[in-house]
Amino acid sequence: MLKMEPFIKTMGNPYIPGSSLKGAVRTAVLNHWAQQGHRDEHDILKAKKEDRRGKLSPDIAMDVFKFLKFPDIPLKKDFTLFSKISNFHIKDNELRETNIQLLREVTRSRSDPFKEFSPGDNRYAFDLQLDSEVMEDSRAVTGRRDLTFNVIWKSLDFYEGILVKETQKWSPYNKNLRRFYETFMEYIKTQREKNGFKLIKIGFGSGFDAVTVEKILRPGKSHGKSINLFEARSPLGWVMLYRE
């Protein structure tokens with residue numbers, strides 16, 4: 001029997017936690033700042049403190065991301081479904097299923113090349129808040145103060161690099177994955193011609209590279225060793241953000 005994991009809900013209604021979106025943005029911005037040659041996350045943020053023994057430790061009070069706020073995003077009730085999620089790895093030059101399987105409630109995708117789905121408009125609007133005035137007035141207690149909407153938007157290019165890595169890593173070993181990535185890339189191309197957007201990756205199955213500071217923690221390393229797939233054909237977690 002497969003373990004069942006429902007989508008996160010409030011009052012029976014599914015939603016995307018604002019903390020998931022904030023975490024994805026934080027990862028992208030940290031990687032953007034990491035290009036400046038810092039040693040670790042707290043060095044990037046200039047958010048370290050020294051204790052009485054002279055040891056450096058994280059200083060949460062100095063974390064500039066506390067001024068960045070994302071709301072929770074409620075989803076339509078028909079926008080999720082339970083499906084088998086399986087874990088795969090490469091063995092003997094083939095993509096093979098491991099023993100890690102579960103039934104998980106996931107969101108439906110507009111870009112799934114294997115199934116037509118139109119629940120109406122599946123875009124969701126939300127307001128990203130950056131309290132720049134308070135951040136500027138908090139110089140005494142804040143490390144970095146160069147977090148702006150333009151920095152955030154530029155930093156999100158990080159995820160296009162993750163998509164390229166993911167495609168190159170996994171598509172050669174599975175025709176369904178090749179078909180997904182080809183269709184997804186074409187969808188991205190048509191959308192980019194219409195209006196600007198950025199990719200992010202959130203939630204279960206995002207992969208280690210999408211949730212860490214790779215330039216610092218994984219220099220020279222390749223993509224993760226396994227991948228979680230929806231119905232053995234599509235990766236998880238990709239979201240498109242449009243700026244208005």
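The values are calculated or read from the model by the stated rules, or taken from the named source; none is laboratory data. Since the structure is predicted, the reported quantities are computational estimates derived from the model, not experimental observations. Glycine gets a Cβ as well: all are built from the backbone with ideal geometry, and neighbour counts include every protein chain shown.
Quick notes on this structure:
- Some residue of segment 177-184 being part of a helix (DSSP H, G or I), at pLDDT 90 or above, of a type in the set (S, T, N, Q) and within 30 Å of Lys84 (Cα to Cα): no
- Residues within segment 204-229 that are modelled with pLDDT of 85 or more and either out of contact with any Leu (no Cβ under 7 Å at 6 or more places or on another chain) or over 15 Å from Glu166 (Cα atoms) (or both), tallied: 3
- Segment 52-139 holds strands (runs of 3 or more DSSP E) entirely within its bounds, and those carrying 1 or more residues that are under 24 Å from the mean Cα position of the chain (by Cα) and at pLDDT below 80 map to 56-58, 94-107.
- Only a single item in (1) at pLDDT 70 or above; (2) within 17 Å of Phe180 (Cβ to Cβ); (3) of a type outside the set (Ser, Thr, Tyr) is not met by Leu156, and it is number (2).
- Residues that are over 24 Å from Ser155 (Cα atoms), among the small types (Gly, Ala, Ser) and in contact with a strand residue (DSSP E or B) (Cβ under 6 Å, 6 or more places away or on another chain), drawn from segment 226-244: Ser226, Ala232
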